[in-house]
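The values are calculated or read from the model by the stated rules, or taken from the named source; none is laboratory data. It should be emphasised that the depicted structure is a prediction, and the values quoted were computed from it without experimental measurement. Positions of Cβ are backbone-derived with ideal geometry, glycine not excepted, and every protein chain shown enters the neighbour counts. SASA here: full protein model, heavy atoms, side chains in, ligands and nucleic acids out. Shrake-Rupley method; radii C 1.70, N 1.55, O 1.52, S 1.80 Å.
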Amino acid sequence: MAAILEVNNLGISFGGLHAVDNFHVTINQGELYGLIGPNGAGKTTIFNLLTGVYKPDEGIIRLDGQDITGRKTIDINKAGVARTFQNIRLFHQISVLDNVKVGLHNRYSYSTVTGIFRLPGYRRTERLMDEKAMELLKVFDLDTSAEILASNLPYGKQRKLEIARALATDPKLLLLDEPAAGMNPNETAELMETIRFVREHFGITILLIEHDMKLVSGICERLSVLNFGKILCEGETSEVLHDPEVIKAYLGE
Amino acid sequence: MTRMKNRKLRSNLITYGIVIAAFIAVQALQSAGRLSSLMAGLLVPLCVYVVLAVSLNLVVGISGELSLGHAGFMCVGAFTSAFFTNLVKDTITISGLRFFLAILIGAAFAGIFGLLIGIPVLRLRGDYLAIVTLAFGEIIKNIMNLFYIGKDSAGYHMSLKDQFSMGMEPTGKMIISGPMGITGTPKDASFLAGVILILVTLYIVLHLIDSRDGRAIMAIRDNRIAAESVGLNVMKFKLMAFTVSAGLAGAAGALYAHNLATLQAKKFDYNTSILTLVFVVLGGIGNIRGSVIAAVVLTALPEMLRGLSNYRMLIYSIVLIVMMIFNWAPKVLEWRERHLGRFFRRGREEVM
Ligand SMILES: Nc1ncnc2c1ncn2[C@@H]1O[C@H](COP(=O)(O)OP(=O)(O)OP(=O)(O)O)[C@@H](O)[C@H]1O
Ligand SMILES: [Mg+2]
């Protein structure tokens with residue numbers, strides 16, 4: 001099986017704090033991989049390192065064999081990594097549909113002049129973008145909300161819209177940062193189905209951070225557990241969740 | 001989706017319609033002899049301010065950056081276009097063609113300045129950007145004050161010091177004389193030309209907003225980090241908005257310059273930039289049609305109220321406050337959305 005993501009010896013410090021220290025992971029094509037750990041363990045920081053928001057102090061990140069360490073966020077996205085955010089970051093003053101169309105920006109093209117003077121390419125490309133965006137919205141049951149402002153979506157749907165927008169960039173690897181946060185058990189169960197569907201339908205690899213153990217044990221094939229920036233344990237989900245160290249450090253009593 | 005498209009289209013058509021209707025109304029008043037000479041003299045400046053406000057709204061409302069140097073770009077457009085016109089006024093005698101070229105040149109130079117200034121300053125954010133753009137606006141104005149350019153039988157002469165160090169023959173003619181500016185520009189501007197420029201400006205700005213690049217500009221405004229995460233080059237789109245905006249301000253400057261016998265740089269100080277910002281804020285940040293209306297009302301009002309002498313500024317202030325409440329108070333916005341939604345849509349809704 002081919003590795004989509006290969007991370008070795010990844011580390012970053014903020015002041016004296018080793019937020020991430022000697023992190024490594026290999027994720028195979030098509031895998032659903034979980035990253036768990038207590039608050040402040042460094043999970044989101046790893047996402048920020050993988051997507052170029054932070055530059056690592058040390059370590060190597062390879063995407064599909066290609067070294068992407070230290071590259072800029074936009075280049076890493078173009079190389080095939082898309083993400084969602086723990087604190088939702090939507091384009092709140094434009095429509096739900098337009099949020100996804102922004103995600104499609106680099107896949108459909110016409111010049112600024114074509115856009116302003118409505119030259120022939122404009123109508124055709126916009127229609128293709130509309131179709132593609134609606135298709136994505138449908139996956140998340142957002143197609144009926146396409147015209148409203150993103151900020152007017154209820155919380156749970158905002159999280160889904162973030163996933164749809166990320167998928168619009170046609171990633172190889174999708175990073176989901178606590179996708180079920182703030183959702184009720186019904187919504188979480190539904191989200192699990194959607195995540196599975198997304199993996200099959202788009203043929204992508206997913207790395208997700210989650211606190212909801214039901215979701216993690218339900219869909220992740222393998223896990224890494226992080227504690228104080230270091231890997232505490234890694235392996236098959238069922239094994240990891242029964243590891244005494246993990247139970248002690250994270251799952252608690 | 002088609003409903004959304006239709007709504008955008010209708011909204012744009014209403015904006016163009018308002019401008020055209022206002023133009024026809026003014027023409028009717030004028031031919032009926034009902035327009036005071038004061039008002040008639042205000043028509044071209046009115047168009048100038050509308051174009052300025054709409055173009056500034058592209059940066060402030062759509063791109064989300066506070067720029068206080070808009071008058072600087074207007075200044076570049078005014079001087080380069082007036083200089084051009086003075087060079088060619090004996091060769092190109094068709095005033096319409098000459099003015100058209102002058103506007104293009106003013107817009108191009110202002111756009112280039114926008115690009116060159118934008119590259120360093122757009123790295124700054126918020127208040128810092130505001131202060132630096134303010135400074136650049138003043139710098140441009142002061143640089144324009146320095147130029148002495150003239151022409152005699154030997155060709156062109158230039159100095160940055162004074163008229164006498166140019167070494168020009170006494171029979172030579174000054175084109176730009178430092179703080180005294182440019183005199184003798186033919187009065188090529190007209191109300192009709194102004195209205196056409198407004199329509200072109202609206203066409204460019206409204207269509208840019210409703211295109212792939214416009215969406216990217218607004219996405220960056222709404223959330224820069226998320227925009228980068230989907231592969232948008234933040235600097236590129238900020239520069240795009242800033243450059244287009246500067247170019248349109250340059251076109252407004254060209255219109256302004258060709259309406260005056262004497263063009264002086266001192267007119268393009270921060271007061272003009274701030275006044276333009278007032279139009280944008282009171283018309284509704286991001287609301288293009290609002291900018292048009294605010295610029296017209298707030299430019300025309302002081303003149304219309306002249307007869308009321310003492311009460312003039314009082315009424316002007318009240319109008320400012322009323323506009324502010326109309327566009328910004330949450331309760332009023334709610335009421336508007338419910339009852340007048342079709343007619344007054346704020347920019348936010350407009351760009352849905
Ligand atoms: N830019 C930064 N500057 C300084 N410290 C930071 C920065 N980013 C993260 N940290 C610190 O790094 C540590 C790890 O933070 P991180 O957000 O990665 O945790 P997390 O595992 O995602 O936690 P949570 O489950 O609460 O989201 C925290 O102590 C945090 O304060
Ligand atoms: Mg986190």
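What net charge is computed for the residues neighbouring A:Leu49, neighbours being all others with C-beta under 10 Å from the C-beta of A:Leu49, Lys and Arg scored +1, Asp and Glu -1? Show your work: numbers first, answer last.
Working: positive: A:Lys55; negative: A:Asp57.
Here the count lands on 0.
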>> Connecting C-alpha atoms closer than 10 Å in a GNM of chain A, tell me which of A:Phe228, A:Phe23, A:Phe14 has the biggest fluctuation.
In response: A:Phe14
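Average partner chain C-beta neighbours within 10 Å, per residue of A:102-111? Mind showing how you got there, number by number?
Values: counts 12, 6, 3, 11, 5, 1, 1, 1, 3, 3.
For peptide A:102-111, the averaged partner shielding equals 5.
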> Accessible surface of B:Arg336 in the full protein assembly, 1.4 angstrom probe, to the nearest 10 Å²?
Replying inline: 10
> For chain B, what is the convex hull volume of the alpha-carbon atoms per residue, in Å³?
Replying inline: 166
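Could you report region B:184-287's accessible area per residue, 1.4 Å probe, as an integer in Å²?
On the way: 2800 Å² over 104 residues.
That works out to 27 Å² for each residue.
DSSP beta bridges in the protein assembly as shown, what fraction antiparallel, as a percent rounded to 5?
Numbers: 34 of 50 bridges.
Antiparallel bridges: around 70 percent, rounded to the nearest 5.
Can you give me the % of accessible surface on region B:75-130 that is carbon or sulfur? Probe 1.4 Å, all protein chains present, nothing else counted.
That fraction is 74 percent.
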> What translational diffusion coefficient, in µm²/s and rounded to a whole number, does the Stokes-Einstein relation yield for the protein assembly as shown at 10 °C and a viscosity of 1.306 mPa s, taking the hydrodynamic radius as the Kirkwood radius over Cα pairs?
Replying inline: 59
> Heavy-atom accessible area of A:His24 with all protein chains present, probe 1.4 Å, nearest 10 Å²?
Replying inline: 70
> Long-range amide H contacts for A:Leu226: which residues qualify at under 5 Å (H placed 1.01 Å from N, peptide plane, sequence gap of 5 or more or a different chain)?
Replying inline: A:Ile36, A:Gly37, A:Leu232
> Which whole-number value in Å³ per residue fits the convex hull of the alpha carbons of region B:130-276?
Replying inline: 152
> How compact and how long is region A:34-159, expressed as Rg and Dmax of its alpha-carbon atoms in Å?
Replying inline: 17.6, 54
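Counting only other chains, what is the mean number of Cβ atoms within 10 angstrom of the Cβ of each residue in peptide B:203-215?
Working: counts 3, 2, 1, 1, 5, 3, 2, 6, 12, 15, 8, 5, 12.
Average neighbour count from other chains, rounded to a whole number: 6.
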> Counting Lys +1, Arg +1, Asp -1, Glu -1, what net charge surrounds A:His18 among other residues with beta carbon under 15 Å of its beta carbon?
Replying inline: -1
>> Quick check: the angle from helix B:330-339's long axis to the longest principal axis of chain B, C-alpha only, nearest 10 degrees?
In response: 80
> Tell me which lysines have Cα within less than 22 Å of B:Lys187's Cα, excluding those fewer than 8 residues away on the same chain?
Replying inline: B:Lys89, B:Lys151, B:Lys173, B:Lys266, B:Lys267
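Calculated FRET efficiency, B:Lys187 and A:Phe202, Cβ-Cβ r, R0 51 Å, to nearest 0.05?
The pair B:Lys187/A:Phe202 has a calculated efficiency of 0.20.
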>> Taking 25 Å as the cut-off for C-alpha to C-alpha distance, list the pairs among A:Lys55/A:Lys172; B:Lys238/B:Lys331; A:Lys160/A:Lys248; A:Lys55/A:Lys214; A:Lys157/B:Lys236 that go past it.
In response: B:Lys238/B:Lys331; A:Lys160/A:Lys248; A:Lys55/A:Lys214; A:Lys157/B:Lys236
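Just by accessible area at a 1.4 angstrom probe, what is the order of A:Glu6, B:Glu303 from largest to smallest?
Numbers: A:Glu6 65, B:Glu303 40 Å².
The most accessible residue leads, giving A:Glu6, B:Glu303.
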> So how tilted is helix B:70-88 from the main axis of chain B? Cα-based, degrees 0 to 90, rounded to 10.
Replying inline: 40
> ³J(HN,Hα) across region B:168-182 via Karplus (A = 6.51, B = -1.76, C = 1.60, θ = phi - 60°), whole Hz, x for Gly/Pro?
Replying inline: 9, 5, x, 7, x, 10, 6, 9, 10, 10, x, x, 6, x, 10
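Given only helices, namely DSSP H runs of n ≥ 4 each adding -39500 (n - 2.57), what is the per-residue ellipticity at 222 nm of chain A, to the nearest 500 deg cm²/dmol? Can you show the working numbers first?
On the way: 9 runs with 94 residues, N = 253.
Calculated mean residue ellipticity at 222 nm is -11000 deg cm²/dmol.
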>> Relative contact order for chain A: what percent, with Cα pairs under 8 Å and sequence separation of 6 or more?
In response: 26
> Taking Cα atoms, how many degrees apart are the long axis of helix A:155-168 and the longest axis of chain A, rounded to 10 and kept between 0 and 90?
Replying inline: 80
> Using modelled backbone amide H atoms (1.01 Å from N, in-plane), which distant-in-sequence or interchain residues come within less than 5 Å of A:Leu5's amide H?
Replying inline: A:Ile27, A:Asp64
> Karplus couplings for region A:201-210 from phi (6.51 cos²θ - 1.76 cosθ + 1.60, θ = phi - 60°), rounded to Hz, Gly and Pro as x?
Replying inline: 5, 9, x, 10, 9, 10, 10, 10, 9, 7
>> Let me cross-check B:Lys238: its accessible surface, 1.4 Å probe, with only protein heavy atoms counted, in Å² to the nearest 10?
In response: 10
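Direction-averaged shadow area of the convex hull around the Cα atoms of chain A, nm²?
Numbers: hull surface 58.4 nm².
In nm², the orientation-averaged hull projection of chain A is 14.6.
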>> Please give me the summed charge of the neighbours of A:Glu31: other residues whose Cβ is under 9 Å from its Cβ, Lys and Arg +1, Asp and Glu -1.
In response: +1
>> Give the average, rounded to an integer, of partner chain Cβ atoms located within 10 angstrom of each Cβ in A:68-75.
In response: 3
